[in-house]
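The values are calculated or read from the model by the stated rules, or taken from the named source; none is laboratory data. Fair warning: this is a prediction, and the values are worked out from it, not measured in the lab. Every residue, glycine as well, gets a Cβ built from its backbone with ideal geometry; the counts of neighbours run over all protein chains shown. Ligands, DNA and RNA are excluded from the accessible area calculation, which covers all protein heavy atoms including side chains. Shrake-Rupley method; radii C 1.70, N 1.55, O 1.52, S 1.80 Å.
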Amino acid sequence: QVQLVESGGGLVQAGGSLALSCAASGSITVINTMGWYRQRPGKQRELVASTTGYKGDSLNYADFVKGRFTISRGNPNTVYLQMNSLKFEDTGVYYCYANLRPLDWGVSSDYWGQGTQVTVSS
């Protein structure tokens, strides 16, 4: 049973910082991608940042977070998101995401965390 568990959400003032963590647990053979999506009120879920490869060798950022957020991978199944210079528009639910291959099934699939609320006050 593969699970993704997020932590680190909360309330912060505009211009402040917040750090998110996500750990994937279970029997995992291959991690293709780990990253973060968010869903702002009234908006569709969107990619924030991701890492590709088992060791997170490649980093990808959405344009709206470049220069403010930093994604990084722990070994082997943890992903972090350091968020600086937060804006009111960053408010939303942030979801950990992984595309990985479980030990008992030879097909890679998408997995999602439950989400953690990030609220930025103006």
Tail weight of P(r) past 16 Å, computed on alpha-carbon pairs of the stretch 59-122, percent: 59 percent
Normalised contact order of the stretch 16-122, rounded percent, pairs of Cα under 8 Å and 6 or more residues apart: 32 percent
Volume in Å³ per residue [convex hull over Cα atoms, computed for the chain]: 91 Å³
Segment D104-E46, length gained on full extension (0.36 nm per residue, minus Cα span): 17.9 nm
Surface per residue (accessible, 1.4 Å probe) for the chain, Å²: 53 Å²
Neighbour-limited loop hits for trypsin sites (Lys or Arg not before Pro), the stretch 60-122 (at most 15 other Cβ within 10 Å; DSSP other than H, G, I, E, B): K66, R68, K87
Lysines whose Cα lies under 16 Å from that of K66, excluding same-chain neighbours fewer than 8 positions away: K87
The chain, accessible surface, carbon-and-sulfur percent (1.4 angstrom probe): 47 percent
